[in-house]
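Below is one structure, written out as C-alpha cells; comments come after it.
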Amino acid sequence: MMSTSASTFVAELDLQPTVTVAIPVLDEAEHLEATLDSIRAQTYPYIMEVIVVDGGSTDRTREIAHGYRGLPIRLFENPGRAHIALHAARGELFVRVDGHCALEPDYVESCVDALNDSGAAIVGGGMSPEGDGFVQRGIAKAMTSRLGAGPARFHTGGPAGWVDTVYLGAFPTELARKIGGYALRLGRMGGVWYDPAIRSRYAPRRSIGGLARQFYRYGHSRALTVRHHPETVRPRQLVPPLFVLAIVSPWRRKVLALYGAGILARTAMEALRDPKAAPGFAASLPTMHVSWGVGFLAGLRYQNTRPPARCNAPSDR
C-alpha cells in the first residue's frame, strides 16, 4: 500500500512527533468549547498548537476560540483558503478535528501509534454520533446506518485495516504540503488506515433542516471531487442522485412507494431497539438521501473549474 515517497515521510517522523491540531469551524459556538476541552485533556504530551480556522461565523465561535485558556490557540479568520491551517502548521504531524466532536483522551496518542505501526500516509477512526432528544438521536442512528450513510467503516465500525477513507484524519504535515493537502492524494500515495482505537464522539445536527444543509454540502463537495477525479466515483454514490432524478420522473409514484416501504421497514427495526429515536430516524433517512443527491447534481453543474476545496466532512458516503 505504501509508496516509497510516503514511507520516507512517515519513517522520518519521530516516535513522538510534535502535533498541530487543526479545527475548521463555522458557527460552532454550541460545541467548540467542548471540543477544545477534549483537546486539552489529551494524554499525548507534544501537542504544540491548536489552529482554529473560522469560515465566517456569525455567532460567538471566534470569541470562544480567542478567549479559551489552557491551549496554545492560533485563530485564523480566512474563509477563502481551505488549506491555511496546513500552511501555517508548526507540528510534524497534522491532526484534523471537527468542531462538532469531542475526542477521547487518547485520541492523538492513538493517531501517532497508528501512523508508526501501519506506515500509512493517513490514519483515522470512526464517526460516533451521540444525540439528545428524539430528533438528534434519530439523526445519530441514521448516520451509523448502512442505509443512511453508506458502508464506509468509519460509519459502521469494524476491525483495523486499509480502507478508502476515514473520519477526519492524521498525517505527516510535510507530506501533505508536498502533495497539496488533499486526502485523496494522501490515500493514493501511501494508503489510508482505519483504527477503531482512534475514538471521538460527534454531535449531530439538532434539526432536520440542519441535517439537510449538511448533506447537501457533502454531496456538492463529493461531486466537485468526482469532476476532477472521475475514477474515484463508486456505484453506491450514484444511487442518491439517481433517486432524486427518479422522483421527478414519470415513474415517481412507483419509486416513492418502494422507497417508502423500505424506509418504514427499516424504521420498524429501529423502533424495536430505540422507540423514541424512530421518528427522527424515519425523517433523517430521506433527508440525507435527497439532500446528498441534490447537492451532488448541483455540484456536477457547478461552473467553477478550480480544484475543489477540502470540505470539513468525510468524502465518502
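The values are calculated or read from the model by the stated rules, or taken from the named source; none is laboratory data. Please read all numbers here as calculations on a predicted model, not as lab measurements. Here the Cβ is made from the backbone with ideal geometry for all residues, glycine too, and neighbour counts use every protein chain on show.
Within the range 70-110, take every residue that is over 16 Å from T18 (Cβ atoms), surrounded by fewer than 19 Cβ atoms within 10 Å (Cβ to Cβ) and of a type in the set (D, E, K, R) and give me the one that is farthest from the chain's Cα centre (by Cα).
Restricting to residues being over 16 Å from T18 (Cβ atoms), surrounded by fewer than 19 Cβ atoms within 10 Å (Cβ to Cβ) and of a type in the set (D, E, K, R), the top hit is E77.
Listed here are the residues, each with its yes/no results for (1) under 13 Å from L224 (Cα atoms); (2) without any contact (Cβ under 8 Å) to a residue 24 or more places away in the chain; (3) surrounded by fewer than 16 Cβ atoms within 10 Å (Cβ to Cβ); (4) in the same structural domain as V248 (by TED's automatic domain parsing).
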| residue | (1), (2), (3), (4) |
| --- | --- |
| A265 | no, yes, yes, yes |
| M269 | no, yes, yes, yes |
| L272 | no, yes, yes, yes |
| A277 | no, no, no, yes |
| G280 | no, no, no, yes |
| S284 | no, no, no, yes |
| V290 | no, no, no, yes |
| L297 | yes, no, no, yes |
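Listed residues R234, R253, R217, R317; which is of a type in the set (K, R), under 30 Å from I23 (Cβ atoms) and at pLDDT 90 or above?
Working: R234 fails: at pLDDT 90 or above; R253 fails: under 30 Å from I23 (Cβ atoms); R317 fails: at pLDDT 90 or above.
Just one listed residue meets the conditions, R217.
Give me a count of the residues in the range 111-134 that are small (G, A, S) and over 18 Å from the mean Cα position of the chain (by Cα). Don't jump to the end; show me each part of the working.
Step one: list which residues in the range 111-134 are small (G, A, S), which gives 114, 118-121, 124-126, 128, 131, 133.
Add one more test, that the residue is over 18 Å from the mean Cα position of the chain (by Cα), and what stays is 114, 118-120, 133.
Total satisfying the criteria: 5.
Has the range 110-119 got any residue that is among the hydroxyl-bearing types (S, T, Y) and closer than 23 Å to D54 by Cβ?
no
I'm trying to understand the selection: among the residues of the range 40-69, which are hydrophobic (A, V, I, L, M, F, W, C) and crowded, with 17+ Cβ neighbours inside 10 Å? Break it down into steps so the answer makes sense when it comes.
Initially, the range 40-69 is screened for residues hydrophobic (A, V, I, L, M, F, W, C), giving 41, 47-48, 50-53, 64-65.
Within the range 40-69, I47, V50, I51, V52, V53, I64, A65 qualify.
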